[in-house]
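First the structure, in the form of structure tokens, and then the observations on it.
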Amino acid sequence: MKKVFFLFIAFLVSTSAVTGQTDYSGRWKGAIELPGMNLELSIDLSKVDGQWVGDLDIPVQNTQDMKLADLKVEGLKMSFKLPEVPANASFSGNFDEKAEKLDGTFTQGGQSFPMKLTRESAAQKIAEEKRLQDAVAALRQLADSLRQKRLTPGLGFGIVKDGKVMLAEGFGYRDLDKKWPVTPNTQFAIGSSSKAFTAACLAILADKGQLDWEKPVVTYLPDFKLYDDFATREITPVDLVCHRSGLPRHDLVWYGSTFSRKEIFDRLRYLPPNKSLRTTWQYNNLMFMTAGYLTERISGNTWEEFVKTRIFQPLGMNTSNFSVKDMALSKDAATGYRTKDQKENIRLEYRNIDAVGPAGSINSTVNDMLQWVKLHLNEGKTGDNQVISAAEITRLHTPQMLMNALGAAKNPELTDPSYAMGWFVHRHKGLRVVEHGGNIDGFSALVYLVPEKDFGLVILANQDGAGVPTVLARYATDMILNLEPTDWYARTYSEGEQKEEEKKEDKKPEPKRIAGTRPGHAPEAYAGEYEHPGYGIIEIRQDAKGLRMIFNTFDLPMEHWHYDVYRVEDKTLDISMMLNFQTDQNGVVYQLSSVLDPLSADMVFKKTAPRRLSDPVFLKTLSGNYKLDEGDSPVTFELRNTTLYAKLAGQPTYTLEPFQGTEFKLKDLNGYSVEFHLDDKGKATGVSFIQPEGVFRAKREE
């Protein structure tokens, strides 16, 4: 696919023709000298059937192998044209007598700029290859050293440079107990590095004309609905994959949940935003899940099948999959770990996140992921197959949202942080880096590209929240690209050579607590199910040991904190929640609230009625006539389908809404309810009418 080159922004190459027996073959490197900058480029020249041919690379523009046209050589003079570039782009210049330099003028749109090139000698080429080999050898040692120092059980490390795999190895163990080594084919969960695959799915659909990035999502998903109506109408596929939806993370909607992808999609409408659409960058997994769901609805295939057939298979990523259920069946899969206090590794169970798979469920290997890296460095092409168009690859890598420059003072070499579409973008010592990490229970990953240098890497670790991939990638960038070295380890972990074990361990502070308080109710008063339309159900159970919280797949003991506030905590998974119970005017616990996302308001869970209060078999036992006093008209409770109604002479019919125990609220009458009394055999013997002015009792008529 041809690129569009704009005046003074995209630039060109030179080829050379030969005089006499002079050999100009080889690689020529140099730059066009533009005002305020040099545009680096290289030309490869060779002789075919007696004619000189050449092509041009401009790394900063991801331009590779652009053919030179109308190449002419007269003596030491050479000229050529670039028909793929607008505004009559051309070059003319002269070789020196030793055929080592080529100096001339690049012309475009009537303006001219100096262009100077030097031929890479055989000795220089050999020296550069030796330097790269030495750098890889040093990185191999560094990778294992960092792994051991940070107690990372296992590490997979791969490097690509100029289209060639320079390193693909495993270090350490995929299973510490069994001492099984990591190999380049060991499967790791790559977590949020999966997001780039989901963005690529939409790019492929855009290539096919099936998706317009700028049309509202509701164009394709009429049932899509967010909490905010404006966002529902206006949000586009671009917004989904660059974290600007206005929603905070709301991760506990899916983390550990048993909801299906469709169920989570339907619950988005109940999740409040904390920012307006497109105003603020806020990481959000749910929008990437929605992008995957969008892929499914447009293509008619599951997200998993789409990625498999459109990306995995063309790239030969045959050992990659989409679920820990599949990874568990592999003979070469890593076990996940969390490192506690930088002293010991705790084995973690696989976390199934299939429902939000488009945000982070892919499992892959170093060898497979290197094919993914090469695809992006080669403008979406593998072999002769254009998997994603060059234009869409450029779009995916183009920044969409600026990010806060956190840590800029500590790392001045890292600048201009932004987010593209499924990729983070920043500059490393002036070079543009396109990357995305991943973290999920027991695993960390990093996919990292420097397109203008045709350099990329992948690092996979079976350690939760591992810092080694990022540190190692920064060292690798300096060493492979021959940049001024920086001590990234000291920058990241300490400012000197002080050993980690000699440093005072940071203790996580406890939340504020008021001493000497007691719960306002007996334990059984808190028991029951509490529901939020977005997050689902929190169940509070009472057993011999006290109260427990069951939420999603978590079953955690509750610790009384103060008053009607309890804390639940799982130190292994780093989960801590405060549950604040509220009572109504009658002293009944009717809801709980909790901070489930630090950027959002408290989520309120309403206590749900016992299921039997909607069971027609049970309700039938409550129906009948109840009399307050002798001579009064009876109150009749009548069952219709699964709802009880109260009828009293001279008054409208009241609908009973299930509440708690055997108590029902009267619909549309705030503060009014009825509670049925049962004998030892479960038979209804009477009812209490609970009202603001008092409680009135009635006996059942036989």
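Each distinct pair of alpha carbons in region 26-120 adds a 1/r term; the inverse of their mean, the Kirkwood radius, is 13.6 Å. Here region 136-481 is treated with +1 on each Lys and Arg Cβ and -1 on each Asp and Glu Cβ, and its dipole about the Cα centre works out to around 580 debye. Computed as a quarter of the hull surface, the mean projected area of the alpha carbon convex hull for region 611-700 stands at 5.9 nm². Using only the alpha carbon atoms of region 197-239, find the Kirkwood hydrodynamic radius as the inverse mean reciprocal pair distance, in angstroms to one decimal. Hydrodynamic radius (Kirkwood, Cα pairs) of region 197-239 is 10.8 Å.
Charge tally for LEU592 (other residues, Cβ to Cβ under 10 Å; Lys, Arg +1; Asp, Glu -1): 0.
Computed from Cα atoms alone, the Kirkwood hydrodynamic radius reported for region 428-467 is 10.9 Å. Translational diffusion coefficient, Stokes-Einstein: compute it for the chain using the Kirkwood radius over C-alpha pairs as Rh, at 10 °C and 1.306 mPa s, and state it as an integer in µm² s⁻¹. Answer from the Stokes-Einstein relation: 53 µm²/s.
Taking the Cα centre of region 611-700 as reference, the dipole from Cβ charges on Lys and Arg (+1) and Asp and Glu (-1) amounts to some 340 debye. Taking only the C-alpha atoms of region 136-481, the Rg (one decimal) and the largest Cα-Cα distance, Dmax (whole number), read 19.2, 56 Å. One Cα centroid belongs to region 419-493, the other to region 349-402; the line between them spans 16 Å.
Of the cross-linked pairs LYS161/LYS331; LYS116/LYS453; LYS225/LYS325; LYS374/LYS429, those separated by over 26 Å at the C-alpha level are LYS161/LYS331; LYS225/LYS325. The calculated 222 nm mean residue ellipticity attributable to helices in the chain amounts to -5500 deg cm²/dmol, summing -39500 (n - 2.57) over DSSP H runs of n ≥ 4 and dividing by all residues. Note on LYS512: lysines with a C-alpha under 24 Å away, same-chain residues under 8 apart excluded, are LYS504, LYS571. Panel order for LYS130, LYS665, LYS308, by other beta carbons found within 10 Å of each beta carbon, from fewest to most: LYS130, LYS308, LYS665. Quantify how much of the Cα-Cα distance distribution of region 523-607 extends past 21 Å, in percent. Distances greater than 21 Å cover 22 percent of the Cα pairs. Considered as an equivalent ellipsoid built on the Cα gyration tensor, region 331-422 has semi-axes of 30, 25, 14 Å, the largest given first. Near LYS667, which lysines are there with a Cα under 20 Å away, not counting those fewer than 8 places off in the same chain? List returned: LYS606, LYS607, LYS620, LYS647.
FYI, it's all coordinate maths here, none of it is from the lab. What you see is a predicted model, and the numbers here were worked out from it, not measured in a lab. With ideal geometry, Cβ positions are generated from the backbone for all residues, glycine too; neighbour counts draw on all protein chains shown.
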